[in-house]
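*Asks:* Can you read through this structure? Questions will come right after.
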Amino acid sequence: MSILPVIKYPHPLLKTKCKPVSKINAKISKLIDDMIETIYSFPGCVGISAPKVGKPLRIIIFDVSKHKKAPPSNHNLTVMVNPVMIEKKGKTITREGCLSLPDFTGNVTRAESIKVKGKDKHSKRIEFYLVGLESVAFQHELDHLDGILFIDRISSLKTDIFTRKRYL
Amino acid sequence: MENKFVLFVIGEDRPGIVAGISGVLYKNNFNIEDSSMTILERYFAMILITSSKVRYSIPLLKKKFKEVEKKLSLYISVKRIAPVREKEEMFINAEPYIITLIGSDRIGIVHKITNLIAERNINITDVKTEIIGEEKIPIYTMILELEIPPEIDIKKFRSSLFRLGKELNVKITLKPIDILKL
Ligand SMILES: [Zn+2]
């Protein structure tokens, strides 16, 4: 396994709609393992997506279990290939930071609880509910697959964006 | 080597200030690296970080802004930024916190709370104040964002804030800002 370099804004891949993964072959498995190693190489980081490590593919990984506000129902380390959000409910505001935008954090409003589906790293179909921070992590990473950054979701520059609250 | 400048612009608000300032920067090949602006009542204030490949002297730079300064009745000040990054590094391990204060408006609130913060060498990164409530019973609110260095004992800091709140008869709370790192 190896830690992959994370691309930073304004890299064009951050604005690209990523392609679905047609088959989880050895190359994709290796990418997933490297993404897992990369996510844990950043202290406190709870999510990553393939485009952030330079691969325009629909793969996301999240693990909010170590976060002090992690919902008890969280799923620990979760790999999702071709993830889809099929239901959403409620609203929650979270101060988000992104590895690809290290100079900013922002208050982003997202759905509080969601139902999602996709495939795990063994191509098995998975479907479950996510709430709280885990729901937010999923939505942030899913956005990356569609070329959307958290700053695109901010409604007011004046109150929602904060500069230099870096965490790297 | 790059030359960095910080530019302060203050004046009565009117259309064309941003365009006027950015026009001068553009014509002289300056990059705008960062900017922030705000309006309080009728007053406009802007702070800009700019850089240029050309090493302008401060008087020459000031001269370039003379025309727009006069035309829009602005006050413009330019300072060179020394390439020191020590201060930034000082706060690299600091954790973001938020203080909220709610109470009746009283002279000295802002000074007392910011003084308590400064005495502990804590950096304030953002301040917002607002008067809410009805006109007869105004309620003063203040939100401060801080970067608290690791050597600060949060428990002690919180109890100092609590004591100050009692003294001023306002409610002060201190909370960490949880950033979801993604
Ligand atoms: Zn991100």
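*Asks:* Quick one: putting +1 on the C-beta of Lys and Arg, -1 on the C-beta of Asp and Glu, what dipole do you get for the protein assembly as shown around its Cα centre, in Debye to the nearest 20?
*Replies:* Here the size comes out at about 680 debye.
*Asks:* Right, next: When the accessible area of the protein assembly as shown is split by element with a 1.4 Å probe, what percent falls to carbon and sulfur?
*Replies:* Answer for the protein assembly as shown is 55 percent, counting heavy atoms of protein chains only.
*Asks:* Radius of gyration and Dmax for the range A:16-78's Cα atoms, expressed in Å?
*Replies:* Rg then Dmax for the range A:16-78, in Å: 12.6, 36.
*Asks:* Another one. Once each part is reduced to its C-alpha centroid, what is the distance from the range A:87-143 to the range A:1-73 in angstrom?
*Replies:* 13
*Asks:* Accessible area drop of at least 40 Å² (1.4 Å probe, protein heavy atoms): which residues of the range A:91-137 qualify, relative to the chain alone?
*Replies:* A:95
*Asks:* Sticking with this structure for a sec: Helix-only estimate, please: 222 nm mean residue ellipticity of chain B, summing -39500 (n - 2.57) across DSSP H runs of length 4 or more and dividing by its residues, to the nearest 500.
*Replies:* Only helices count here, giving -9500 deg cm²/dmol.
*Asks:* Also: When every alpha-carbon pair in chain B is counted, what percent end up more than 31 Å apart?
*Replies:* Roughly 38 percent, once rounded to a whole number.
*Asks:* Spin-label point model (7 Å from Cα, Cβ direction): what's the residue B:131 to residue A:152 distance in nm?
*Replies:* Between residue B:131 and residue A:152, the simple spin-label model gives 4.3 nm.
*Asks:* Let me ask something else. Give me the percent of Cα-Cα pairs in the protein assembly as shown that sit more than 32 Å apart, rounded to a whole number.
*Replies:* Counting pairs separated by more than 32 Å, the tail of P(r) holds 46 percent.
*Asks:* For chain B, what's the relative contact order in percent, using C-alpha pairs closer than 8 Å and at least 6 residues apart?
*Replies:* 22
*Asks:* What's the magnitude of the charge dipole for the range B:3-81 around its Cα centre, counting Lys and Arg as +1 and Asp and Glu as -1 at the beta-carbon? Answer in Debye, nearest 20.
*Replies:* The dipole of the range B:3-81 has a size of about 500 debye.
*Asks:* Per q in 0.11, 0.19 Å⁻¹, report the Debye log10 I(q)/I(0) for the range B:3-81, using one uniform scatterer on each alpha carbon and no solvent.
*Replies:* Here log10 of I(q) over I(0) equals -0.25, -0.75.
*Asks:* Do you know the relative contact order of the range A:52-142, to the nearest whole percent, from alpha carbon pairs under 8 angstrom that are 6+ apart?
*Replies:* Contact order relative to length: 30 percent.
*Asks:* Any idea of the accessible area per residue across the protein assembly as shown, 1.4 Å probe, to the nearest Å²?
*Replies:* About 57 Å² of surface per residue is accessible.
*Asks:* Hey, rough spin-label estimate for residue B:111 and residue A:115, points 7 angstrom out along Cα→Cβ, what's it come to in nanometres?
*Replies:* 6.1
*Asks:* Counting partner chain Cβ atoms within 10 Å of every residue's Cβ in B:171-181, what's the average?
*Replies:* Counting Cβ atoms of other protein chains within 10 Å of each residue's Cβ and averaging gives 5.
*Asks:* Let me ask something additional. Counting C-alpha atoms alone, how compact is the range A:67-168: give Rg to one decimal and Dmax as a whole number, in angstrom.
*Replies:* Every Cα atom of the range A:67-168 included, Rg and Dmax give 14.1, 45 Å.
The values are calculated or read from the model by the stated rules, or taken from the named source; none is laboratory data. Everything numeric in this text was worked out from a predicted model, so none of it was measured. Cβ sites come from the backbone with ideal geometry, for glycine too, and all protein chains shown count toward neighbours. Side chains included, ligands, DNA and RNA excluded: accessible areas come from the protein's heavy atoms. Shrake-Rupley method; radii C 1.70, N 1.55, O 1.52, S 1.80 Å.
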